[in-house]
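Visitor: The structure under discussion is supplied below as structure tokens; questions concerning it will follow.
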Amino acid sequence: MNRRSFMQLLSGASVAAVSLMDTELGQMVGLGAGPAQAQGKPGVLRVAMTAADIPLTTGQPSQGAEGIRFMGITLYDGLTRWDLSKSDQAAQVIPDLAESWTVNPQDQKVWTFKLRKGVKFHDGSEFNADAVVWNFDKLMKQDSPQFDQAQSNQAASYDANIGSWKKIDDYTVEIATKRIDAVLPYNLAGLFMSSPKRWEELGKDWSKFAEKPSGTGPWILESFKPRERAEMVRNAEHWDKTRVPKSERLILLPMPDANTRVAALLSGQVDWIEAPPPDAVPRLKSQKMQIVTNLYPHIWPFQLSYLDDSPFKDVRVRKAANLAIDRDGIVKMLGGLAAPAKGMVDEKHPWFGKPTFEIKYDPEGAKKLLKEAGYGPDKPVKAKFIISPSGSGQMQPLPMNEFIKENFKDVGIDLEFEVLDWEALRARRRLGAWAPENKGRHGINNSWAYWDPDIGLIGTAASFAKVPGGFNWGDFNDAKTDELSTKAKAAFDPAEQNKILAELHSHIVDQAMWIWVVHDLNPRAMRPNVKGFVQAQSWFQDLTPVSVT
Amino acid sequence: MLVYVLRRILYTVPIAMGVSLVCFALIHLAPGDPLSAIIPEGASPETVAQVRAAYGFDQPLPVQYLKWLQHVVMGDFGNSIMTQRPVMHEVLPALANTLVLAAAAVLFGFALGCLFGVVSGYLAGKPTDKAVTAVSITGVSIPHYWLGMVLMVIFAVELNLLPATGMGEGGSGTFGLGWDSLQYLILPALTLSVIPAGIIARSVRGTIAEVRKQDFMQTLHAKGLPGRRIFVHVVKNALPAVLAVMGLQLAQLLGGSILVETVFSWPGTGFLLNNAIFTRDLPVLQGTILVLAMFFVLINLTVDVVQTAVDPRIKRA
């Protein structure tokens, strides 16, 4: 018995045990959900995160998007922020600590930001232009006393194109980008402002600051214990009165095991869990738990190699692979917690555009294309993809990949996998398809985000955005893509930029740049007494309107 | 005896060196890069190079190892790459939490194991022995992870008698001897105790059955000694072998269980190691493994010393 079938057997046994509890034992002992062991208190929101540790608390959180969701936008604000108040449209970037900004028409690399007045850090000190400059120095000026390597690491993808910054007056700062970059306001939503005064008070020591951080955000960190819990209290003095938290207290609990999170929710130990496994959803629903889902900028794809040894250099093979996948079947397998992909971004997204190549399940069409490309039953396409058994945003990668392998086999693509753990896969993604380590690998199954134009479209597609530094893993190289990407980077009017990005997206779909499979629906489960949550179409979520009754 | 103990303590130095070297080599042989966990996608090559240099990962491996060793000798295990906190600040509280869990598991496991083993050994070959043996084998064979989940479903979710995860409402900081805290300990400790209970039961059964077949037992019976006195002789003769097994099991438990601690979100060394492995937090991995290895060595030494004390037949030079 191999490891996988063994694990399936185990998980099957667990499911069987849960079902048994549902029926016989539960009835036999006459107990449903009895008085819970650790019932919540009104006003206290207890959240089980998927992370195994509390993200960094100093300003730039670790643990990726989950870190920003729970330790970034809770304690801190940026110059801009995501508008997370709507569930029916993709989240947009809006002003936050900066009230407005302009671009210098003579030199479009230079931006002027007008700061909001009357904003105070949790320690009572004032937020102003000096604080912005101090925070940018903290991340990017290695010889500044407050430079913090840990925060600098986390900020690296947001500040990569920021060249210089200076104070103009107390409430005005000027930021210059290295290259013309209309995507800057998106990036600024990921750079958070820590309090210079608190850092000074604590002996200029970031490890002490981590225990008693001070930002301008809607929550104040009261205490935290590594790998166990973090407790925050409401910042009643938050400058934006509409974002003063409805709950008095927010408790974050790291719980990396998905089944444990489900058990913790069902037993009343937490009020809210991130990412319940699809097979637990019916059980959660039967216990009256709320299951909240929504589209968000997530795609589960195979990023393809365009090297000479890759069969995917031929657009017909790429299209055939996209047509070979029964996405509805995968969605069904995932209990409906996914949406079939029609491209990199979802169909309702402003960047979707009007691709002429329709991504759908058409095995006959796939076979025809492969025949045209010189393949057939006697000569199947042979491809090898790198996959992982788990990882952030990877959904259920093993069964999904097995499913796709069967779909591919049906049309004449023989797929082989190299299974690496999540960090090992990410390390191989950083290297690019041309690295010796990736020789003979024609694709990599790394779930992806498209929350901003850089990460979603330009950085993955443009030839000037190869890894490292960009996200183009497979060396996709296409003149029209480069032209549209450059245009989008210089389009300062958001509507105009969206139009160009829609054109770019249509083009890469027509080129079948990647194999796009499904979008995750970002499930989270909460107890019936959790009210007021609006699930935005975003990797980040606002906990301020949430109350526990 | 004293010379023996001192010599054994001295042996820990090369063992520690060996463990640290093997651990260091394995971590670097495994695929992955610690930087991929701490630098977001899309960082520029200059940033990656700067960070690599800042953490010393640009140095040749032997240099990295020797530098680490040099610091460890001075008592500095370095800082976690992920959290920047000193490694010892991560390891020691986790070790304390694992000790709490291990102590409870030892209590459950040893008591159950000895009880089952003695009953089985005395009734060797009888139906009771077969039933107890079957239970012991099940204990040894059952996957921890699965058992933990099932216990959690039964006692936390369905019956709602015990909490599912964590160390209490206030976390490990407020863990005490009251029911408020101890109720969090029961499920993980029980899960963790099943394997040692099974192994100890098998070992005690075998040893007792063996001792009871020996000639001197017949002599004791012939002398008309009451069963109670004979039992004392059986235990005395069986103890050294059983102690060795218990020592190993104790060391295993103190090492923490990655799976059980992760299932129950118990913030011990297993939970710490699990996270450090997935994030390639090399200083934490090396520090934790070294500390745990030293624990193993010390426990083995203690067991050897105790064995000698209870069994004069074992001579230590």
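The values are calculated or read from the model by the stated rules, or taken from the named source; none is laboratory data. Keep in mind it's a predicted model, so treat the numbers as computed, not measured. So basically every Cβ, Gly included, is an ideal-geometry build from the backbone, and we count neighbours across all protein chains shown. To get the accessible areas, we keep the full protein, side chains included, count just its heavy atoms, and leave off ligands, DNA and RNA. Shrake-Rupley method; radii C 1.70, N 1.55, O 1.52, S 1.80 Å.
Visitor: Would you pick out the residues in region B:130-158 that are at the interface with chain A (Cβ under 10 Å from one of its Cβ atoms) and farther than 15 Å from residue B:189 by Cβ?
Guide: Of everything in region B:130-158, those that are at the interface with chain A (Cβ under 10 Å from one of its Cβ atoms) and farther than 15 Å from residue B:189 by Cβ turn out to be B:143, B:145, B:146, B:149, B:150, B:153, B:154, B:157, B:158.
Visitor: Condition first: farther than 18 Å from residue A:402 by Cα, out of contact with any His (no Cβ under 6 Å at 6 or more places or on another chain) and in a loop (DSSP other than H, G, I, E, B). Now tell me which residues in region A:296-333 satisfy that.
Guide: Within region A:296-333, A:296, A:297, A:306, A:307, A:308, A:309, A:314 qualify.
Visitor: Are there any pairs with C-beta distances below 7 angstrom linking a residue in region A:457-473 that is under 17 Å from residue A:345 (Cβ atoms) and touching a residue at least 60 places away in the same chain (Cβ under 8 Å) to a residue that is open to solvent by less than 10 Å² (accessible area, probe 1.4 Å) and not hydrophobic (A, V, I, L, M, F, W, C), with the two at least 6 apart or on different chains, and if so which?
Guide: As it stands, the answer is A:457/A:450; A:457/A:505; A:458/A:485; A:460/A:472, since those pairs meet every condition given.
Visitor: Next question, about the same structure. With respect to residue A:350, is the statement that it is touching a strand residue (DSSP E or B) at 6+ places or on another chain (Cβ under 7 Å) and part of a loop (DSSP other than H, G, I, E, B) true?
Guide: Here the answer is yes, as residue A:350 does meet what is asked.
Visitor: May I ask you to list the residues in region A:480-536 that are farther than 18 Å from residue A:461 by Cα and among the aromatic types (Phe, Trp, Tyr)?
Guide: Matches in region A:480-536: A:492, A:533.
Visitor: Another question, if that's okay. Regarding residue B:41, is this residue without any contact (Cβ under 8 Å) to a residue 12 or more places away in the chain, surrounded by 14 or more Cβ atoms within 10 Å (Cβ to Cβ), among the charged types (D, E, K, R) and within 14 Å of another protein chain (Cβ to nearest Cβ)?
Guide: yes
Residue by residue, here is whether (1) surrounded by 18 or more Cβ atoms within 10 Å (Cβ to Cβ); (2) part of a loop (DSSP other than H, G, I, E, B); (3) in contact (Cβ under 8 Å) with a residue 12 or more places away in the chain holds:
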| site | (1), (2), (3) |
| --- | --- |
| A:81 | yes, no, yes |
| A:86 | no, yes, yes |
| A:94 | no, no, yes |
| A:105 | no, yes, no |
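Visitor: Working only within region A:124-143, note down all residues that are under 17 Å from residue A:60 (Cα atoms) and surrounded by fewer than 24 Cβ atoms within 10 Å (Cβ to Cβ).
Guide: Scanning region A:124-143 gives A:131, A:133, A:134, A:136, A:137, A:140, A:141, A:142.
Visitor: Name the residues in region B:159-172 that are facing another protein chain (nearest Cβ under 7 Å) and open to solvent by 60 Å² or more (accessible area, probe 1.4 Å), would you?
Guide: B:169
Visitor: Still on this structure, please answer the following. Scan region A:450-469 and tell me whether some residue there is surrounded by fewer than 17 Cβ atoms within 10 Å (Cβ to Cβ), away from chain B (no Cβ under 13 Å), in contact with a Lys or Arg (Cβ under 8 Å, 6 or more places away or on another chain) and modelled with pLDDT of 95 or more.
Guide: no
Visitor: If you go through region A:178-191 one residue at a time, how many are in a helix (DSSP H, G or I) and open to solvent by less than 30 Å² (accessible area, probe 1.4 Å)?
Guide: So the count comes out to 4.
Visitor: Something else about it: Would you point out which residue out of A:194, A:157 is of a type in the set (S, T, N, Q), within 24 Å of the chain's Cα centre (by Cα), within 14 Å of chain B (Cβ to nearest Cβ) and surrounded by 16 or more Cβ atoms within 10 Å (Cβ to Cβ)?
Guide: The match here is A:157.
Visitor: Let me ask you something else. Which helices (runs of 4 or more DSSP H) does region B:228-317 wholly contain that include 1 or more residues that are modelled with pLDDT of 80 or more and surrounded by fewer than 17 Cβ atoms within 10 Å (Cβ to Cβ)?
Guide: The helices (runs of 4 or more DSSP H) meeting that bar are B:282-310.
Visitor: Something else now. Which count do you get for residues in region A:160-177 that are within 14 Å of chain B (Cβ to nearest Cβ) and outside any loop (DSSP other than H, G, I, E, B)?
Guide: Residues that pass the stated criteria total 3.
Visitor: For region B:148-158, what are the residues that are in contact (Cβ under 8 Å) with a residue 40 or more places away in the chain and surrounded by fewer than 23 Cβ atoms within 10 Å (Cβ to Cβ)?
Guide: Listed by number, the list holds a single entry, B:151.
Visitor: Another question, then. Tell me, yes or no, whether region B:192-213 has at least one residue that is closer than 21 Å to residue A:260 by Cβ, assigned to a loop (DSSP other than H, G, I, E, B) and open to solvent by less than 10 Å² (accessible area, probe 1.4 Å).
Guide: No, region B:192-213 contains no residue that is closer than 21 Å to residue A:260 by Cβ, assigned to a loop (DSSP other than H, G, I, E, B) and open to solvent by less than 10 Å² (accessible area, probe 1.4 Å).
Visitor: Looking only at region A:227-238, count how many residues are within 14 Å of another protein chain (Cβ to nearest Cβ), buried (at least 21 other Cβ atoms within 10 Å of the Cβ) and not basic (Lys, Arg).
Guide: 2
Visitor: Which ones in region A:511-549 are small (Gly, Ala, Ser), open to solvent by 10 Å² or more (accessible area, probe 1.4 Å) and within 17 Å of the chain's Cα centre (by Cα)?
Guide: none
Visitor: Output the residue which, of all residues in region A:416-437 that are of a type in the set (A, V, I, L, M, F, W, C) and crowded, with 22+ Cβ neighbours inside 10 Å, is farthest from residue A:380 (Cα to Cα).
Guide: Filtering region A:416-437 for residues that are of a type in the set (A, V, I, L, M, F, W, C) and crowded, with 22+ Cβ neighbours inside 10 Å, the one farthest from residue A:380 (Cα to Cα) comes out as A:425.
Visitor: Name the residues in region B:58-101 that are within 14 Å of chain A (Cβ to nearest Cβ) and basic (Lys, Arg), would you?
Guide: B:85
Visitor: Just give me the residues in region B:214-225 being of a type outside the set (Phe, Trp, Tyr) and either in a helix (DSSP H, G or I) or under 13 Å from residue B:124 (Cα atoms) (or both), in sequence order.
Guide: Within region B:214-225, B:215, B:217, B:218, B:219, B:220, B:221, B:222 qualify.
Visitor: Looking only at region A:211-226, filter to residues that are open to solvent by 60 Å² or more (accessible area, probe 1.4 Å) and within 14 Å of chain B (Cβ to nearest Cβ); which one of those is farthest from residue A:198 (Cα to Cα)?
Guide: Once the filter is applied, the top-ranked residue is A:225.
Visitor: Here is a follow-up. Checking the structure you have, find out if any residue of region A:239-256 is of a type outside the set (S, T, N, Q), within 14 Å of chain B (Cβ to nearest Cβ) and in contact with a Gly (Cβ under 8 Å, 6 or more places away or on another chain).
Guide: Checked region A:239-256: at least one residue is of a type outside the set (S, T, N, Q), within 14 Å of chain B (Cβ to nearest Cβ) and in contact with a Gly (Cβ under 8 Å, 6 or more places away or on another chain).
Visitor: Give A:328, A:309 a once-over and let me know the one that is free of Cβ contacts under 8 Å to residues at least 40 places away in the same chain and surrounded by fewer than 24 Cβ atoms within 10 Å (Cβ to Cβ).
Guide: A:328
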